[in-house]
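Worksheet for the structure shown next.
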Number of protein chains: 2
Amino acid sequence: MKNIRDLIRPNIANILPYPPGKPIEDVKRELGVKEVIKMASNENALGPSPKAVKAMKDALAGVNLYPDGNSYYLKQKLAEKLGVAMEEIIVGNGTDEVIRIITETFLNPGEEVVVAWPGFVIYSIATNVMSGSLKRTPLKNYTHDLEAMLNAVTDKTKLVFIANPNNPTGTMVDKDEVEMFMKKIPEDIIVVFDEAYYEYANGNFPQTIRYAKEGKNTIVLRTFSKIYGLAGLRVGYGIAQKEMVTEMNRIRQPFNVNRVAQSAAIAALDDKEHVEKSIVMNEEGKKYLYKEFDAMGLEYVRTSANFILVDIKRSGKEIYEKLLKEGVIVRPVDNYDLPNFLRVTICKPSENKKFIGSLKKVLGK
Amino acid sequence: MKNIRDLIRPNIANILPYPPGKPIEDVKRELGVKEVIKMASNENALGPSPKAVKAMKDALAGVNLYPDGNSYYLKQKLAEKLGVAMEEIIVGNGTDEVIRIITETFLNPGEEVVVAWPGFVIYSIATNVMSGSLKRTPLKNYTHDLEAMLNAVTDKTKLVFIANPNNPTGTMVDKDEVEMFMKKIPEDIIVVFDEAYYEYANGNFPQTIRYAKEGKNTIVLRTFSKIYGLAGLRVGYGIAQKEMVTEMNRIRQPFNVNRVAQSAAIAALDDKEHVEKSIVMNEEGKKYLYKEFDAMGLEYVRTSANFILVDIKRSGKEIYEKLLKEGVIVRPVDNYDLPNFLRVTICKPSENKKFIGSLKKVLGK
């Protein structure tokens, strides 16, 4: 009998599974720590919107029924909010799934995908699954170097992913840079703007939805996993020309977005107060952490998102392990070639404070 | 600029999206019918287990956090129940997703997938997405013809899907037939037993989990969407050798199973009473529907699942449309090359009765 390794597709043989932030349950179970805070996965520490919780409760009795495979009411609400047509929206089991749908729909074997590095690992997995070829362009000052990305484009390029703000660095490219990029990029290349942290960004942030309206081959990704506080339910979406959405729907799993998630997302869109509170908390937490990092003499990357990449000038993995024992989960980013950094989610004031206390302790400051 | 159709992968160009059962909301919206019952998607009409509802409620406050990507506690519970190791289980966003993970992991372009026809359309989409080649063998007496499936195997065959019980016919292949099949199938071919309706089957049903234990390349699929009443939450799973699961985990989306679903599924496994009640309801509903069909002179396929394929001897689509106006959603199966049949889920006594009344009316009986 053949070895199972001989049965798999050769191009997936070396894919490493995505390393998620450590769940609170795991830390409690493995380390016996009782009080654990999680600053590892850029969730909204305020919790879900109370309106969403109410909507979820109302949805529970009906979970024996399949979800609406068309996410009709959610798309209707999003369309209204974003000023696009329902047919220009595709909803997924998190944007993770929308990214997979994009490569499954458009990426032929050997075609190239241009991404920035360090950048989101999921683009790489999605590319490899479809036997595409990944081209990584280095960040410049921890920020997407759009000029370098343009230069990386060849006649084999099919897709470009621009995470804006970028994960794990938290940096953004602004409207003028994006405008220049869109003028120069060959029009048959599909440009994906992954805007998971959109609501946290400010300043001269580009409004990318309009490119699809102008007939450009762009896909804008947004999510309910970050500021909307619904990461556990898995809802993300993409906005593109109707014709692109039609093609992607061919291979979308028919019931990909669960029922509770659809109800929660609809309600969350109505809760402006929750979003505003979350932004205020994030701005205040950001200032506090900047101040504390400054006081400790630690460098960090100024963020446009709800997390901060901080340079601890020694093994991030080691400090991460030590922080775990203190009941604080942060994210080591050695797998992003940033071995001496940690990525920390901006959380509630008490959590930020606990983190700083624990960090001082384990760094011996 | 190229047409968008020129940008997509050629092998997905003709995939038709899966046609789901019509949601209750759609019928109410489109036809203005107030009271609607759904007998179209083989859900459990009893609803979710009360224990699961309780567990879901408890999970809601934590949906701002990503789900455990490893589904640790759910796999632990399943492993215990099934007598397998946790590492032999992969959990998905419904078995739909596990099927996609299987083809993405194992199916090289041009390799063949043997399925029965009429059979579940998702196998075909999953095959086409990975540029595989689908070989359909006709059912015999509405039942998988395992001998014909063996004969369809060539040296290019990679996967065989056996839906047991089969959808949309409700028939099963028994232990002896499967045993014979497994003896003859070349050992490098991966055999997938899709047992979504496992809990409803009785008689000499094969216990297929043991094949993986014997080192065979089998994957058994089970779901929480049917008897467990959690279709709306999306949880299905596969059981296979540890080495196969390890390979599939490379490309599994890291947070594929939502948090509420994991909690609900764990609780549902503890609710034996709900499962038993569901079986009793199904057996009684089956007898009632058989009797009524007999009285109406309609032929049907005897079922091992929670639905019945009934021969209405005229356009299923037409009768389906008429039933919609009566507030009864059933499933036309013309897309399964069964234009004169309807597939009807066995529901609660009152619903079965309403369906029979409406069917008599629209058939003019």
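As an exercise, identify the trypsin sites (Lys or Arg not before Pro) in the stretch A:103-183 lying in DSSP coil whose Cβ has no more than 13 other Cβ atoms within 10 Å.
Here the sparse-neighbourhood loop sites are A:Lys156.
Inter-chain neighbour count for A:23-32: the average number of beta-carbon atoms from partner chains within 10 Å of each residue's beta-carbon is 2. Derived value for the protein assembly as shown: Kirkwood hydrodynamic radius 26.6 Å. Basis is the mean of 1/r over every pair of different alpha-carbon atoms. With R₀ set to 56 Å, the beta-carbon distance separating A:Arg302 from B:Asp270 gives a calculated FRET efficiency near 0.70.
Residue by residue along A:66-72, Cβ atoms of other protein chains within 10 Å of the local Cβ number 6 on average.
Our analysis of chain A gives Rg over Rh at 0.96, with the two radii drawn from alpha carbon positions and Rh computed by the Kirkwood formula.
Derived scalar couplings between HN and Hα for the stretch B:276-282 equal 5, 4, 5, 5, 4, 4, 5 Hz in order, rounded to whole Hz, by the Karplus curve 6.51 cos²θ - 1.76 cosθ + 1.60 (θ = phi - 60°), x for Gly and Pro.
Debye-formula intensities of the stretch B:51-269, expressed as log10 I(q)/I(0) at q = 0.07, 0.15, 0.16 Å⁻¹, are -0.21, -0.95, -1.08 (one equal scatterer per alpha-carbon, no solvent).
Averaging the Cα positions of each part gives two centres, and for the stretch B:172-197 and the stretch A:322-352 these lie 48 Å apart.
The accessible surface of the stretch A:51-269, taken with every protein chain in place and a 1.4 Å probe, is 48 percent carbon and sulfur. Each copy carries a label point for A:Gln207 at 7 Å from Cα toward Cβ; from one copy, the others' points are 6.5 nm away, ordered from shortest.
Under the rule of -39500 (n - 2.57) per DSSP H run of 4 or more residues, summed and divided by the residues of the protein assembly as shown, what mean residue ellipticity at 222 nm is obtained, to the nearest 500 deg cm²/dmol?
-12000 deg cm²/dmol
The 3J(HN,Hα) values that the Karplus relation (6.51, -1.76, 1.60; θ = phi - 60°) gives for the stretch A:304-315 are, in residue order, 10, 10, 10, 8, 10, 8, 10, 8, 9, 6, 7, 3 Hz. Gly and Pro appear as x.
Placing unit charges on each Cβ (+1 for Lys and Arg, -1 for Asp and Glu) gives the stretch A:51-269 a dipole about its Cα centre, and among A:Val178, A:Tyr198, A:Leu159 the Cα reaching farthest toward its positive end belongs to A:Tyr198. With a 10 Å cut-off between alpha carbons and a GNM built on chain B, which of B:Glu88, B:Glu35, B:Glu177 moves the most? Judging by the Gaussian network model, the answer is B:Glu35. Between A:Tyr290 and A:Met180, the simple spin-label model (points 7 angstrom out along Cα→Cβ) gives 2.4 nm.
What value in Å³ per residue do you get for the convex hull of the alpha-carbon atoms in the stretch A:300-365?
Numbers: hull volume 5.5 nm³, N = 66.
Taking the convex hull of the Cα positions in the stretch A:300-365, it is 83 Å³ per residue.
Normalised per residue, the accessible area of the stretch B:51-269 is 30 Å², obtained with a 1.4 Å probe and no contribution from ligands, DNA or RNA.
From most to least packed by mean Cβ count within 10 Å, the peptides B:66-76, A:201-211, B:91-101 give B:91-101, B:66-76, A:201-211. Sorted from shortest to longest, the distances between the A:Arg29 label points of this copy and the other copies are 3.9 nm, with each point 7 Å from Cα along the line through the beta carbon. What's the FRET efficiency of A:Glu318 with A:Asn202 using the Cβ-Cβ distance as r and R₀ = 35 Å, to the nearest 0.05? Efficiency at R0 = 35 Å is approximately 0.50. Projected onto planes of every orientation and averaged, the convex hull of the alpha-carbon atoms in the stretch B:205-311 covers 9.1 nm².
Chain pair B, A: how much accessible area is buried, both chains summed, with a 1.4 Å probe, in Å² to 100? By this definition, chains B and A bury close to 7300 Å². In the stretch B:42-141, Rg over Rh equals 1.07, where Rg is the alpha-carbon radius of gyration and Rh the Kirkwood radius from pairwise Cα distances. Checking the cross-link filter: which aspartates and glutamates have an alpha carbon closer than 16 Å to that of B:Lys22, excluding same-chain neighbours under 8 positions apart? By straight Cα distance, B:Lys22 reaches A:Asp68, B:Glu30, B:Glu35, B:Glu43, B:Glu318, B:Glu321, B:Glu326, B:Asp334. Starting from the label point of B:Asp6 at 7 Å along Cα→Cβ, the same points in the other copies fall at 4.4 nm, in ascending order. Note on chain A: GNM, Cα springs under 10 Å; of A:Arg234, A:Arg250, A:Arg343, the largest mean-square fluctuation is that of A:Arg250. Here the Gaussian network model covers chain A, with springs between Cα atoms less than 10 Å apart; of A:Ala148, A:Ala240, A:Ala196, A:Ala148 fluctuates the most. Taken about its Cα centre, the stretch A:234-365 carries a charge dipole of about 380 debye when Lys and Arg each add +1 at the Cβ and Asp and Glu each add -1 at the Cβ. For the stretch B:213-238 versus the stretch A:52-89, the inter-centroid distance based on Cα atoms is 26 Å.
Counted over the stretch A:142-287 with a bin width of 10 Å, the fraction of Cα pairs per bin, in whole percents, is 10, 35, 35, 18, 2. Interface residues of the stretch B:236-264, defined as those losing at least 50 Å² of solvent-accessible heavy-atom surface relative to the isolated chain (probe radius 1.4 Å), are listed as B:Glu247, B:Arg250, B:Ile251, B:Gln253, B:Pro254, B:Phe255, B:Asn258.
The values are calculated or read from the model by the stated rules, or taken from the named source; none is laboratory data. All values reported here derive from a predicted model rather than from experimental measurement. With ideal geometry, Cβ positions are generated from the backbone for all residues, glycine too; neighbour counts draw on all protein chains shown. Remember, those area values only see protein heavy atoms, side chains included, never the ligands or the DNA or RNA. Shrake-Rupley method; radii C 1.70, N 1.55, O 1.52, S 1.80 Å.
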